[in-house]
Amino acid sequence: MSTPYGYMGAILHVNLTTKHIEKRPLDLEMAKQYIGGLGLNFRLGYDLIKPGIDPLSPENPILIGAGPMVGTIVPGSSRVYTLTKLPTSGGWGWGGGGGLEFGCMLKNAGYDHVIIEGKSEHPVYLKIFDDDVEICDARSLWGLGTGETVDALRQQYTRPLGVASIGPSGENQVKFSMAFIDKLGTLGRGGLAAVMGSKNLKAIVTKGTQDLKVADRKEFRKLFTGLYDRIKKYPGLKRAHKLGFLNFMPAIPEEEYMKIKKARLACVGCPIGDKDLLHATEGRFKGLNMYTTNVNIIIPTIYSQAHDYGTCMKLLGILDDHGLDMFETFGLLDFANNLYKNGLLTKEDLGTEGIDFDDFDQLAGWFDRIALRQGFGAFLAEGFTTVMEKYSEGIEAFEPCVSKGQLAYQGIRGPVPSPNFGPFEMTMSVLPRGPASAPGGSSPLYFTFERPLPWIQGHFDRMGIPQEAQERILKEKDGMAINVGRLTKYAHQYLYAMGSLGLCGRGSISRLYSNKLHAELYTAVTGMEISGEELSQAIERGINLEKAANVREGFTRKDDQFPERWFEEPLAKDYYNKVDITREIAYGLQDDYYDERGWDVELGVPTTKKLLELGLDFVVDDLKARGLPLP
């Protein structure tokens, strides 16, 4: 069978228990129904992820999807998406990550998706080189950090080479451990690396030589040229190239950043570049080089002002090599320290007299103890759900802002404080996977508060929001000019479209696209004609399937809670900074989110009518057979 356009036409199935490897054809009609990448992961996962299984059991599969744009020259087309049952929440959760080579090498090897099941008897890595697919011994790599693993595999196989790897925290099944792509892209907040570790899977290595075919090369070239011309004319391009992510989130002073910036790095096909090679110019770690997203180095300074940038770089380098989620790690240590200071945790429990965030060596030691599950670090490795179940009394004044087992790291009380209540904050409560920045950032309300209304309406048009929906979003409610609850549906739609196509969802890239361009590119690349409205419906189909799968796991609106401390004074404000977001207003906006989705407002779940409207009859039958909520 000839290779289809845009897709490579194959799904790789690997069972680590039986060592069975099989290349199966991709169902192109199903691919179009869910677009690919993230959306198709949901459809495949609905059959594969059995409700009720332990996330760290061999029965829990890992799905990896690269959408139809991955492997093309479309700007930002490097994104791969994972799906598995997450240890932090106990529900379905996806992860997205860009990297230098992993995604395009997977497509060039001939695969759109990879499904990994079972558990190896000993540490292994999965090698995917065209039709040469092998489960390889990884005992010599076990114990290495995420970056060291990449270096070792690059030395063995040479570049170009894509590598998704885990560190010691993943090996030891720390529940909030993360995988890394090509050394510098994070993948799988919520514990993907722990799932890989539970399977004794140290890494996935990709290398391919096959070309991806484009259906309408003339139209594709026209669309690509037009897009690149717009990028070149973008007034902020020069500054974006200079500052990367800081151009959109000025987390550290520009002059300080320029002192430590050594080189700008970009994922395959990215015309902006938001990753860096940083170089410490002073202090204890003078001369240190580190790969990162530049904004990350502010995280240690949130908890201590004593560290210079070189020390911050070193701390984050240790976290990254362990594969520890920086927000969860610092948040858990801060919570443990508050428990100690308030007499709820003893020196004998903790093992030290408090946690000194000004002391580099003590912090580095805590990172080791968590990653290696030593002492009290083994308890913290279980994550916020376990820790807060044990220590729930008397913590009202310093209770962490947690949603679905993870730190809601941005918000009025988050470690990255935000004074406004936008789609990001809504996302913290309603997204099944738990707190994540990307879906909230796919709207104009992420970095750019108080924009004039005509600009906002123009952005709504680019996002493909129907006119009648725009009227609902812009209808005044409780003194607010923008209904963030209703808008969040479309912020999610736009991000999930980027993820299903295989495009980066970060604001620096997503702002270059539109719903119309998404559809036009999909049609030109795949040869399967689709309109913007049809694309939006395909994305909505996947989102409803994701939600229904979490309903199978027992999750309903009762689990969609905002952190209670968000409703302490001072309160967050609305988009135009006029209205205090009280508990009543926040949950009223949540009502509107469910209503805009066509879901049952009381239960926060899809209705039979909505599922049938999207062609998800098999989901209706499944939920009814299980006696689950289905209004």
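Some values worked out for this structure:
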read-out: Label-point separation in nm, Ala306 to Asp621, each point 7 Å along Cα→Cβ; value: 6.4 nm
read-out: Convex hull volume per residue in cubic angstrom - Cα atoms of segment 10-207; value: 100 Å³
read-out: Segments 577-585, 331-339, 413-421 sorted - mean Cβ within 10 Å per residue, highest first; value: 331-339, 413-421, 577-585
read-out: The chain - mean residue ellipticity at 222 nm from DSSP helices (-39,500 (n - 2.57) per run, n ≥ 4, rounded to 500); value: -11500 deg cm²/dmol
read-out: Label-reachable residues, segment 109-134, where backbone N falls under 17 Å from a point 7 Å from Thr209's Cα toward its Cβ; value: 109-111, 128-134
read-out: Gln155-Asp131 pseudo-label distance in nm [points 7 Å out on the Cα-to-Cβ vector]; value: 3.3 nm
read-out: Furthest towards positive pole of dipole, Asn550, Ser77, Leu38, structure part the chain, Cβ charges; value: Ser77
read-out: Residue among Phe357, Gly67, Trp599 farthest towards the positive dipole end of the chain, charges placed on Cβ; value: Gly67
read-out: Within segment 10-207, percent of DSSP bridges classed antiparallel, to nearest 5; value: 75 percent
read-out: Footprinting exposure proxy for His241, His307 (fewest neighbouring C-beta atoms within 10 Å first); value: His241, His307
read-out: Mean Cα-pair separation over length for the chain, i.e. relative contact order, pairs under 8 Å, 6 or more apart, %; value: 15 percent
read-out: Cα convex hull of segment 328-392, projected area averaged across orientations, nm²; value: 3.9 nm²
read-out: Mean Cβ neighbour count within 10 Å, used as a protection proxy, ranking 455-467, 70-82, 189-201 highest first; value: 189-201, 70-82, 455-467
read-out: Where the Cα pairs of segment 153-197 fall when distances are cut into 5 Å bins, in %; value: 6, 26, 26, 19, 12, 8, 2
read-out: Sequence of Lys477, Lys286 once ranked by neighbouring C-beta atoms within 10 Å, starting from the fewest; value: Lys286, Lys477
read-out: Simple spin-label estimate for Glu564 and Arg24 in nanometres, 7 Å along Cα-Cβ; value: 4.6 nm
read-out: Per DSSP, loop GluC sites (Glu not before Pro) in segment 203-293 with at most 16 further Cβ within 10 Å; value: Glu282
read-out: Footprinting exposure proxy for Ser120, Ser165 (fewest neighbouring C-beta atoms within 10 Å first); value: Ser120, Ser165
read-out: Overall Cα dimensions of segment 406-604 - principal axes, largest extent first, Å; value: 54, 42, 31
read-out: Ordering of 100-113, 353-366, 531-544 by packing [mean C-beta count within 10 Å, highest first]; value: 100-113, 531-544, 353-366
read-out: Between segment 451-516 and segment 57-71, the Cα center-to-center distance that results, in Å; value: 27 Å
read-out: Loop-located trypsin sites (Lys or Arg not before Pro) in segment 364-393 whose Cβ has at most 10 other Cβ within 10 Å (DSSP); value: none
read-out: Percentage, to the nearest whole number, of Cα pairs in segment 241-399 over 21 Å apart; value: 50 percent
read-out: The chain: C-alpha pair distances exceeding 39 Å, %; value: 25 percent
read-out: Out-of-range pairs (alpha-carbon distance over 25 Å; input Lys404/Lys489; Lys238/Lys578; Lys232/Lys489; Lys107/Lys610; Lys233/Lys275); value: Lys238/Lys578; Lys232/Lys489; Lys107/Lys610
read-out: Residue-span extension gain [Ile395 to Asp580] - 0.36 nm each, minus C-alpha spacing; value: 64.1 nm
read-out: Dipole magnitude (debye, nearest 20) for the chain, charges at Cβ of Lys, Arg, Asp, Glu; value: 1860 debye
read-out: Chain lengthening between Glu348 and Glu219 when straightened (0.36 nm per residue, less Cα-Cα); value: 39.6 nm
read-out: Rounded FRET efficiency, nearest 0.05, which uses the C-beta distance separating Arg451 from Arg230 and R0 of 22 Å; value: 0.65
read-out: Full-stretch length increase - Leu603, Glu468 - with 0.36 nm per residue and alpha-carbon distance subtracted; value: 46.1 nm
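Taken together, the values in this text are just the output of simple stated rules run on the coordinates, not laboratory data. No experiment lies behind these values; they were computed from the predicted model shown. All Cβ positions, glycine included, derive from the backbone under ideal geometry; neighbour counts span all protein chains shown.
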